[in-house]
Amino acid sequence: MAASKPTEATRADGDQVRGQARDQARDQARGQAREAAVEAALGKLDLDAKARLLGGRTMWELHALPEIGLAPLVMSDGPIGVRGVRWTADDPSVALPSPTALAATWDQDLSRRAGALLAQEARRKGVHVLLAPTVNLHRSPLGGRHFEAYSEDPYLTGVIGTGYVQGVQSGGVGTTVKHFVANDAETDRFTVDNKVAPRALRELYLAPFEAIVANAHPWGIMTAYNQVNGVTMTEHRHLVNDVLRGEWGFDGYNVSDWMAARSTVRDIEGGLDVAMPGPATVYGEPLAAAVRAGEVPEETVDEAVRNVLRLAARVGVLEGAEPAVRPEDLPAEIDGEALAREVARRAFVLVRNEVRDEVRDGVRGEPGDGTSDGTRAGASDGTRDGEKREGSRVLPLNPAGTVALIGAAARDARVLGGGSATVFPARVVSPLDGLTAALPDGTLTYVVGADPSDELTPADKGFELRAVCRDAAGTVLGEGSLPTGQVQWIGDDLPEGVTHEAMASIEVVGTFTPRESGEHAFGTRGLGAFTLTVGGQVLFDGVQPMGAEADPFEAFFGSPVDRGTVALTAGEPVEVSLRHHLDKDRATPLPGVMFSFVHLGPQRGAEELIAEAVEAARGADTAVVVVATTERVESEGFDRQDLRLPGRQDDLVRAVAAANPNTVVVVNSGSPVELPWRDDVAAVLLGWFPGQEGGAALADVLLGAEEPGGRLPTTWGDLAAAPVTRVTPENGELAYTEGVFIGYPAWEQAGATPSYAFGHGLGYTDWTYESMAVEGTTVTVRVRNSGARTGREVVQVYLAPADAGATGRPARRLAGFAGVEAAPGESVEVTVELPRRAFETWDETTGSWAYRSGRYEIEAGRSLTDRRLTETLAV
Ligand code: BGC
C-alpha cells in the first residue's frame, strides 16, 4: 500500500465512489424485488407447510415446498472446508488451514479469497449454506475449540470474519456466523449458563458478530447450545430479537446449533427461525399445533418463514426470485491447492530465529555472510533494529545443507482439527512429503523421535477399508468406502440402498499393509456388539457395554479399547474385519451409527526413539523437529486439561537441541501449547493445523522461497501464568469474572510475561518504523524495509487511553492494522483509520455506548510489546 500521487488518488476515489453508488442502487432494487418474491411465496403457504419448513428434514437439509417452487436448502459444516452432506472421503474437500491460522495472516483480503474458494467448493457439492465462520473468542487457552475460532481480540476476529463472510457470499453461498454467543468453551456446552456482565458481552463477545453484521451482512447466524445469563441462546429473545435484529439490523436466518432447540414455544418466541437437525424436531407438527392451541401467534411463524425464504432467494433455490449473485457475476475459478498452500505459509508464525551455529556448519556459513538471497533476518523476539547480532539466522535453511527431520507428525501431519470441522481432503502433504520434494536427494533423513499418541486411534495409514451393511438375514444392503476406521453415519448419511430400519450389522472390512514390522494392536471404540478379526484370527467377539456416565456421545468421543495384538511384517498386507451388530433397542439422540476400528503400530521404547533422533540430529547440519497435539487433547466436545505437548515430545526436543544447536522446532497444533525448551532451540515456527498443503508450505518457508507471514492472533504462554483458566462450570454456571480482561489486556494487567506476545511474528527481513502522523482519527505510518529481501510487514496500531485505570479499560487495545509489502530499502506508507468504537465503552448504567473523550496514546509497532512509534491524540 505505497503512497500514491494525490491526483491519481483523487481520480481513483471518484471512480470508486460512483461505482459504489451504482452497486448500492442495484442491490437496493434487487433487494426490493427479492422481498416481493418472498412475500408472494409466503402468502401461498398454509400453516402446516410453514411449520414444516422451519424444522429440518434431515441432518443437513430443509424440506422442499414444490407449491412455491422452493428446493431443499442444504447446509454443511465449515469452517476450513465444505464437507458436504456425507461423512465420507468419496467426495473429497479442499482443507484450508485452521481458523487460528487464517487469523494469523492478519489479512482480510486473504480471508475473503479463502471464503470465495469455500463458496466454489459448496457449489460443487450442492451446498447452499456454510455453517461457518466460528467467531467466538479465545477466552481461555483451554477452550477445546480454540483452533476453530480466530483470536482473543474482538477487533481482529471481526476483521477476519468479515472477509470470510464477504468471500463466501460473493460466491452466492450463505454463511452462518456461529455460535451466538459466548460459546467459548466445551465443558457441559449443552447446558452451561455463562454469566457475562453486559460490558464484557458488548465489548468482547458480541463485538465480532456486530462488526460482521455491519460490514458483511451475513445471511445467517447460529445460536449456541449454552445459556447466557440464565437464558438458553436459542431462546434468547433479547439478544436475538432486540440486539441482533433490532439494534444491528440483521436480516438473515437464525438456525439452532445441532440439537440445541428444546422448546417449541420459547424457541420461536426467542427468534429462532430453524431448528436443526431433523426429522425429529420441536418445529414442524409441534409448532403448527402450538399455533392452533393459541400459544404462538401465526405472525411469529410468518416472520421466521420470511427469514428462511429470504435466504432461499439469496442462494437461488426459490423460483422467481433473483439470487444475490447472478451466475455471470460469480468469481473466477480458484485453484484450491494453491490457495491452501498460500494461506498456510502466510499463517506460519516464526516466533524465534537465532543466529546459526557456524562452527557446526564448518565451511558452509562464514560468520556474518548471510546467504545470497539476503537471509539476514530481522530481530528475533525482543531484539530490536540496531541490536542485530552478527551471522546468518538459522532460518531460512541453507538448501545445500543436510536436514534431520524428526517427529511422528512430520510424517503423519495433523492438518485439521477434529469434530464437526472435519473434512476429507483428496491429499495431504506432510512435512516429510514437502521437504522430500524440495530438498536435493540424499540431504534429508527422517526418524520418528517420539509419538505423541500412545493409544489406539482410528485405522488410517496403510488401511484400505469399506463398510458393508447387512440386514438381519445377512443379505448385503449396500456398501461404501471409508476414509479411516471411523464410522459416523448420522441421519440419512448412509451408503446407497441402506436404511437404518433395515440395517442390522455393519462390517468394516479390507486390508492393512503395515509400514513397520512388529506387534500391532487392534481394537474398538464405541458401544455394542463387535467381532474383530485380523489375518483370520478373532481378537474379540463380545459386547462393549454403556459406561456409568451414559453419555450419548461416548461412542464418538469415548476411549478406544485394546482387543489384542498381532505380529505383522512391513509391506505384507493382511485381511482385517470389524463387524458391529446394531442394538436396535438403545435410544440415541438421532438415528445414527458411530463406532471405530482402532489401531496402534509397534511401540518402540521412548528412550530408544529419542536416542535414534539424537543420532540423526548429530549427523545433520540442521535438525527440524515437528511436535504436535493429538485429537485426544485438542478437539471439539471437551476442553483441554493442560497445555503440555502429549507424550515424550518435550524430552525429545531437549535431547535434540542438546545434540544440535541448529535445531528448528515446528509446532503442529491449532492452539497454544507450552514450549518449555523454547529458549534452548535455534528457531520456533508455529504451524497451526496447516491444511492439506501444509508440508509444501512448510518447505517454502523453511527453505526461504517464501517468508513466514504470520503474526500471533492470540497470546502464547504457560498455563500457570495464563489469566483466564476456568472453563468448568460450578453448579451449572460459569462466571466470566474477569470482565473485559481476557487475552493480552489480561496478561498486561497481571504484569505477566507470556512466551510470545500478541501480534508477534518474524519474517526474513528487517523493518524500520520511520514516522507516524495522526490527523483526526487517520493514522499514517511510514516503514522501511531495512533488510536484504522483499517482505511483508503487518503494521499494528494500538490505542492506549490515558485514563485506562480510572475507566476500567485495558492499558491498550488493537485499534487497527495494515499489511504492506516492500522491496529491500523501499519505504512505504500505510493508512489506518481508527474506528469510533475504539474510543467507546459500554455504559452499564445507561445501557448504551459511551464515547470516551480524553487523551490517548497512539502506538504503532510490530507487536503488542514491540511498539516503535507513539503519538498523542486528544478527542
Ligand atoms: C457444532 C456446530 C456444527 C454442528 C453441525 C455442532 O455440534 O457445535 O458448530 O455446525 O454441530 O455439525
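The values are calculated or read from the model by the stated rules, or taken from the named source; none is laboratory data. Because the structure is a prediction, the values reported are computed rather than measured. Using ideal geometry, Cβ is built from the backbone for each residue, glycine included, and neighbour counts are taken over all protein chains shown.
Tell me the residue from ALA658, ALA699 that is in the same structural domain as GLY449 (by TED's automatic domain parsing), in a helix (DSSP H, G or I), modelled with pLDDT of 95 or more and more than 25 Å from the chain's Cα centre (by Cα), please. So that I can check it myself, show each step before the final result.
Values: ALA699 fails: more than 25 Å from the chain's Cα centre (by Cα).
Residue meeting the stated conditions: ALA658.
Counting just the residues of region 489-504 that are touching a residue at least 40 places away in the same chain (Cβ under 8 Å) and surrounded by fewer than 20 Cβ atoms within 10 Å (Cβ to Cβ), which one comes out nearest to the chain's Cα centre (by Cα)?
First, the residues of region 489-504 that are touching a residue at least 40 places away in the same chain (Cβ under 8 Å): 489-493, 500, 503-504.
Now restrict to residues that are surrounded by fewer than 20 Cβ atoms within 10 Å (Cβ to Cβ): 492-493, 500, 504.
Numbers: ASP492: 27, ASP493: 24, HIS500: 32, ALA504: 37 Å.
Across region 489-504, the extreme among qualifying residues is ASP493.
Is it the case that THR105 is within 21 Å of TYR744 (Cα to Cα), modelled with pLDDT of 95 or more, among the polar types (S, T, N, Q) and within 16 Å of the ligand (Cβ to nearest atom)? Before the answer, list the steps.
On the way: within 21 Å of TYR744 (Cα to Cα): yes; modelled with pLDDT of 95 or more: yes; among the polar types (S, T, N, Q): yes; within 16 Å of the ligand (Cβ to nearest atom): no.
No; evaluated as a whole, the condition is false for this residue.
Only one of (1) out of contact with any strand residue (DSSP E or B) (no Cβ under 7 Å at 6 or more places or on another chain); (2) assigned to a helix (DSSP H, G or I); (3) of a type in the set (Asp, Glu) fails for ASP251. Which number is that?
Looking at each condition in turn, ASP251 falls short on (2).
Run down VAL315, VAL301, VAL265, VAL305 and say which single residue is out of contact with any helix residue (DSSP H, G or I) (no Cβ under 6 Å at 6 or more places or on another chain) and in contact (Cβ under 8 Å) with a residue 24 or more places away in the chain. Explain how you work it out, then say what you get.
Working: VAL301 fails: out of contact with any helix residue (DSSP H, G or I) (no Cβ under 6 Å at 6 or more places or on another chain); VAL265 fails: out of contact with any helix residue (DSSP H, G or I) (no Cβ under 6 Å at 6 or more places or on another chain); VAL305 fails: out of contact with any helix residue (DSSP H, G or I) (no Cβ under 6 Å at 6 or more places or on another chain).
Selected residue: VAL315, the only one of VAL315, VAL301, VAL265, VAL305 that is out of contact with any helix residue (DSSP H, G or I) (no Cβ under 6 Å at 6 or more places or on another chain) and in contact (Cβ under 8 Å) with a residue 24 or more places away in the chain.
Within region 230-259, how many residues are farther than 18 Å from PRO208 by Cα, touching a His at 6+ places or on another chain (Cβ under 9 Å) and not charged (D, E, K, R)?
The total comes to 1.
Of all residues in region 244-286 being acidic (Asp, Glu) and more than 28 Å from the chain's Cα centre (by Cα), which is farthest from the ligand (Cβ to nearest atom)? Break it down stepwise before answering.
Step one: list which residues in region 244-286 are acidic (Asp, Glu), which gives 247, 251, 257, 267, 269, 273, 285.
Then drop every residue that is not more than 28 Å from the chain's Cα centre (by Cα), which leaves 247, 267, 269, 285.
Values: GLU247: 25, ASP267: 17, GLU269: 23, GLU285: 23 Å.
For region 244-286, the residue satisfying everything is GLU247.
Would you mind finding the one in GLY787, GLY763, GLY819 that is in contact with a strand residue (DSSP E or B) (Cβ under 7 Å, 6 or more places away or on another chain) and either more than 22 Å from PRO835 (Cα to Cα) or of a type outside the set (Gly, Ala, Ser) (or both)? Outline the logic, then answer.
Values: GLY787 fails: in contact with a strand residue (DSSP E or B) (Cβ under 7 Å, 6 or more places away or on another chain); GLY819 fails: either more than 22 Å from PRO835 (Cα to Cα) or of a type outside the set (Gly, Ala, Ser) (or both).
None of the others qualify; the one that does is GLY763.
Working only within region 125-170, note down all residues that are within 15 Å of the ligand (Cβ to nearest atom), among the small types (Gly, Ala, Ser) and not in a loop (DSSP other than H, G, I, E, B).
Passing the criteria: only GLY161.
Can you confirm whether region 475-498 contains a residue that is out of contact with any Ser or Thr (no Cβ under 9 Å at 6 or more places or on another chain) and closer than 30 Å to ARG618 by Cα?
No, that holds for no residue.
Within region 841-858, does at least one residue satisfy the condition of being assigned to a strand (DSSP E or B), within 28 Å of PRO672 (Cα to Cα) and in contact (Cβ under 8 Å) with a residue 24 or more places away in the chain?
no
In region 797-824, which residues are assigned to a loop (DSSP other than H, G, I, E, B) and small (Gly, Ala, Ser)? Break it down into steps so the answer makes sense when it comes.
Initial filter on region 797-824 (assigned to a loop (DSSP other than H, G, I, E, B)): 802-812, 823-824.
Listed by number, the residues that qualify are ALA802, ALA804, GLY805, ALA806, GLY808, ALA811, ALA823.
Taking the residues in region 402-455 that are in contact with a helix residue (DSSP H, G or I) (Cβ under 7 Å, 6 or more places away or on another chain) and within 16 Å of the ligand (Cβ to nearest atom) as candidates, determine which candidate is farthest from ALA89 (Cα to Cα).
GLY417
How about region 171-185: which of its residues are of a type outside the set (A, V, I, L, M, F, W, C) and within 14 Å of the ligand (Cβ to nearest atom)? Working first, answer last.
Just the residues of region 171-185 that are of a type outside the set (A, V, I, L, M, F, W, C), to begin with: 171-172, 174-176, 178-179, 183-184.
Of everything in region 171-185, those that are of a type outside the set (A, V, I, L, M, F, W, C) and within 14 Å of the ligand (Cβ to nearest atom) turn out to be GLY174, THR175, THR176, LYS178, HIS179, ASN183, ASP184.
Quick check: anything in region 57-68 assigned to a helix (DSSP H, G or I) and in contact (Cβ under 8 Å) with a residue 24 or more places away in the chain? Show your work before the answer.
We begin by selecting, within region 57-68, every residue assigned to a helix (DSSP H, G or I); these are 66-68.
Imposing the further condition that a residue be in contact (Cβ under 8 Å) with a residue 24 or more places away in the chain reduces the set to 68.
Scanning region 57-68 turns up at least one residue that is assigned to a helix (DSSP H, G or I) and in contact (Cβ under 8 Å) with a residue 24 or more places away in the chain.
Quick grid of which residues meet (1) over 25 Å from ASP329 (Cβ atoms); (2) more than 15 Å from the ligand (Cβ to nearest atom):
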position: THR187; (1), (2): yes, no
position: LEU206; (1), (2): yes, yes
position: VAL213; (1), (2): no, yes
position: VAL231; (1), (2): yes, yes
